[in-house]
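S.K.: Shown below is the structure under consideration.
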Amino acid sequence: MCFKGENLLNRTRISFLIFAIIIIGLICRLTYLSIYKCESYTNKIENQSTYKVNLNSGRGIIYDRNNIPLTDTEKKKVIIIPKYIVSGDYKNINTIKEATNLTENDIFKAVQEQLDSELIEVEVGNLSKYNIEKLKKINVVVEDKVYRYKDDNLLSHTIGYINKSENKGVSGIEKSMDCELKGSNQKYISVFKAGALGEKNGLNLVEGSFSKVSNNDKNLKLTIDSNIQNKVEKIVDKEENPTAVIISDVQTGEILAMSSRPNFNQNKIEDSLDKKDGQLQNRVISATYPAGSVFKMVVLFAALENKVVTDSTYYYNCTGSEQVGNSERLNCNNLSGHGIETLGQCFANSCNTAFYDIAKRVGKYEIYKAITKLHLDEKVDIGLDEEVDSNIPDDISLSNLSIGQGSLEFTPIQINQMTQIIANNGLYKHLYIYDSVVDGSMKQIKKFSSSKEEDLISPYTSTQIKQFMIGVANTGTAKDLKDLEGGCGVKTGTAESSINNTKITHGWITGFYPINEPKYAITVLVEGTEKSSKSAIPIFKDICNSINNY
């Protein structure tokens, strides 16, 4: 009897356990459906009961720092025609033709292209109030349709683009901030389906059930300055070679402009998918390049911090080349030699052999430490999925490391972050591009701010580096900038690479502008091609002139 009782108790426990598992499973399933599938099922229910015509992308608007929209600025007038009113009714067709200047062929073509829809959308020109009223009388709706992108949209690589059929971000901000943007700014015309009874009588829509739905609860505000962005894009559009440009605020780390070329049309992505020139690539964040001589800023920083050189005690006699090991010679950019140079002159002349000598004094270990200290060993991480990290091999030779050549590679945004640190007297302010989430009245809902702040370089060392950079612009490799109003401090670089076994060089320049109380950290890269390799100095100069006194 005791055994039977225990057996019954065990069966009861097992039954209870199975029941508990089923209940927990149901709760998990309901939770999943309510959280992750709610929107999908809501849309399915809505689609079963109504016809919709979207009047915008249904996504939050992206604004610049001054509340100027960077998306959703292109407006066109459309008419929305219930299909039944043009199905053999020539009186209605004539009314539409007279009010809109559309031809009969235009109307029938639109119907054919939208056969599966009971609401036919047709783009028209501006209409008078009289003609709008005329169309309303026959149940034709006239509305402004807002398009997500213009054909010449600013900031295209950074904003990215969407998959229109799914209204889902594919790249750039559209992808990274999809959860904030999707469904946050909806505007559409809706009409109830007539159902089975209506269809029996040849009517697919419920007459008089037209309604306009509009909400705008979340939009995204960036740190970008559209005025500066516009100036930058006009400048780089004159350059045939691929380019990458980034401008940040020295004091705050806010990104003010980002440009990558060649450009692409966000409305015609299919035209760029098969192109081999990297039209869709955001070169500022997703391409790495040999740093070339801009890396001498890192070597200089390491040397000054470790006190192995000073401007008053270091002298170097450049003869044009230097022996490296038993069989290799390192050439200077001036094969005739620079002669005897001070530390400042070595930096201004970008003397390769002098920096190899300095690197030997500093040592590989300390240079790698400087890379880490300046955050060059990690992504800047501005919240875009396409951003890549630097390539810093352990086995790079000291001769290549000293002049930033070989397989040592960085993104333009990483070089800009380093420039911001130096220009800001050694104070690291993490670069960022997202300012806040705002509602339709531009009232702040959520604030994005970078909490990363760190004193990385002593004011004394950073002041020395800045003075050396000013020397580059006045008497060195960037002396074409010496007459720039307000002055600047820069470092230029020539990075060796190859395309199809053809040697090319990429042109770098990174610096701060103006000299007194630097406001902008500006980094420019001009890619070399099989046809030509170019300097980045002219673009840097044009940018500074365009934003002077802004």
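S.K.: List, please: which pairs have Cβ atoms under 9 Å, are six or more places apart or on different chains, and start with a residue in region 352-372 that is modelled with pLDDT under 95 and end with one that is surrounded by fewer than 24 Cβ atoms within 10 Å (Cβ to Cβ) and not in a helix (DSSP H, G or I)?
M.R.: Within 9 Å, no pair qualifies.
S.K.: Go through (1) within 30 Å of LYS218 (Cα to Cα); (2) over 19 Å from the mean Cα position of the chain (by Cα) and name the single condition ALA99 misses.
M.R.: (1)
S.K.: Regarding region 485-498, can at least one residue be identified that is more than 26 Å from the chain's Cα centre (by Cα), surrounded by 24 or more Cβ atoms within 10 Å (Cβ to Cβ) and in contact (Cβ under 8 Å) with a residue 12 or more places away in the chain?
M.R.: The answer is yes; a qualifying residue exists.
S.K.: Considering only residues that are under 20 Å from LYS479 (Cα atoms) and modelled with pLDDT of 95 or more, which ones fall in region 517-533? Quick ask: steps written out before the conclusion?
M.R.: Looking only at region 517-533, we keep the residues that are under 20 Å from LYS479 (Cα atoms), and these are 518, 520-526, 533.
PRO518, TYR520, ALA521, ILE522, THR523, VAL524, LEU525, VAL526 - these are the residues of region 517-533 that are under 20 Å from LYS479 (Cα atoms) and modelled with pLDDT of 95 or more.
S.K.: Any residue at all in region 101-120 that is touching a helix residue (DSSP H, G or I) at 6+ places or on another chain (Cβ under 9 Å), under 24 Å from LEU155 (Cβ atoms) and surrounded by 20 or more Cβ atoms within 10 Å (Cβ to Cβ)?
M.R.: Looking through region 101-120, none of the residues is touching a helix residue (DSSP H, G or I) at 6+ places or on another chain (Cβ under 9 Å), under 24 Å from LEU155 (Cβ atoms) and surrounded by 20 or more Cβ atoms within 10 Å (Cβ to Cβ).
S.K.: While we're on this one: State all residues of region 305-327 that are touching a Ser or Thr at 6+ places or on another chain (Cβ under 7 Å), closer than 23 Å to SER397 by Cβ and in contact (Cβ under 8 Å) with a residue 60 or more places away in the chain; if no residue qualifies, say none.
M.R.: Of everything in region 305-327, those that are touching a Ser or Thr at 6+ places or on another chain (Cβ under 7 Å), closer than 23 Å to SER397 by Cβ and in contact (Cβ under 8 Å) with a residue 60 or more places away in the chain turn out to be GLU305, VAL324.
S.K.: Let me ask something else about it. Working only within region 506-539, note down all residues that are outside any strand (DSSP E or B) and either among the small types (Gly, Ala, Ser) or in contact with a helix residue (DSSP H, G or I) (Cβ under 7 Å, 6 or more places away or on another chain) (or both).
M.R.: ILE515, PRO518, GLY528, SER532, SER533, SER535, ALA536, ILE537, ILE539
S.K.: Here's another thing I want to ask about it. Would you check if ASP377 is within 30 Å of MET177 (Cα to Cα), assigned to a loop (DSSP other than H, G, I, E, B) and in contact with a Lys or Arg (Cβ under 8 Å, 6 or more places away or on another chain)?
M.R.: no
S.K.: Quick one: which of ILE224, ILE285 is under 27 Å from THR492 (Cα atoms), open to solvent by less than 10 Å² (accessible area, probe 1.4 Å), β-branched (Val, Ile, Thr) and part of a loop (DSSP other than H, G, I, E, B)?
M.R.: None of the other options fit; the residue is ILE224.
S.K.: Collect the residues in region 424-461 that are part of a loop (DSSP other than H, G, I, E, B) and of a type in the set (S, T, N, Q), keeping them in residue-number order.
M.R.: Result: ASN424, ASN425, SER441, SER449, SER450, SER451, SER458.
S.K.: For region 429-468, give me each residue that is without any contact (Cβ under 8 Å) to a residue 60 or more places away in the chain and under 28 Å from GLY507 (Cα atoms).
M.R.: Answer for region 429-468, where residues must be without any contact (Cβ under 8 Å) to a residue 60 or more places away in the chain and under 28 Å from GLY507 (Cα atoms): SER462, THR463, LYS466.
S.K.: What tally of residues in region 91-107 results from selecting those that are under 13 Å from ILE81 (Cβ atoms) and assigned to a loop (DSSP other than H, G, I, E, B)?
M.R.: The number of residues fulfilling the criteria is 1.
S.K.: Among the numbered conditions (1) touching a Ser or Thr at 6+ places or on another chain (Cβ under 7 Å); (2) open to solvent by less than 20 Å² (accessible area, probe 1.4 Å), tell me where PHE347 comes up short.
M.R.: PHE347 satisfies every listed condition except (1).
S.K.: Then there is this: When ASN334 is evaluated against the numbered criteria (1) touching a residue at least 40 places away in the same chain (Cβ under 8 Å); (2) under 30 Å from THR461 (Cβ atoms), which criterion, by number, is the only one it fails?
M.R.: Just one mismatch for ASN334, condition (1).
S.K.: Shifting gears a bit: Given the criterion in contact with a strand residue (DSSP E or B) (Cβ under 8 Å, 6 or more places away or on another chain) and surrounded by fewer than 17 Cβ atoms within 10 Å (Cβ to Cβ), identify the matching residue among GLU454, GLU409.
M.R.: GLU454
Here's the yes/no breakdown for (1) within 21 Å of the chain's Cα centre (by Cα); (2) free of Cβ contacts under 8 Å to residues at least 24 places away in the same chain; (3) assigned to a loop (DSSP other than H, G, I, E, B); (4) over 27 Å from LYS83 (Cα atoms):
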| site | (1), (2), (3), (4) |
| --- | --- |
| LYS109 | no, yes, no, no |
| LEU115 | no, yes, yes, no |
| LEU127 | no, no, yes, no |
| TYR130 | no, yes, no, no |
| LYS134 | no, no, no, no |
| VAL142 | no, no, no, no |
| ASP152 | yes, yes, yes, yes |
| ILE189 | no, no, no, no |
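The values are calculated or read from the model by the stated rules, or taken from the named source; none is laboratory data. Not measured: the values here are computed from a predicted model. Note that we place each Cβ from the backbone using ideal geometry, even for glycine, and neighbour counts take in every protein chain shown. Only protein heavy atoms, including side chains, enter the accessible area calculation; ligands, DNA and RNA are left aside. Shrake-Rupley method; radii C 1.70, N 1.55, O 1.52, S 1.80 Å.
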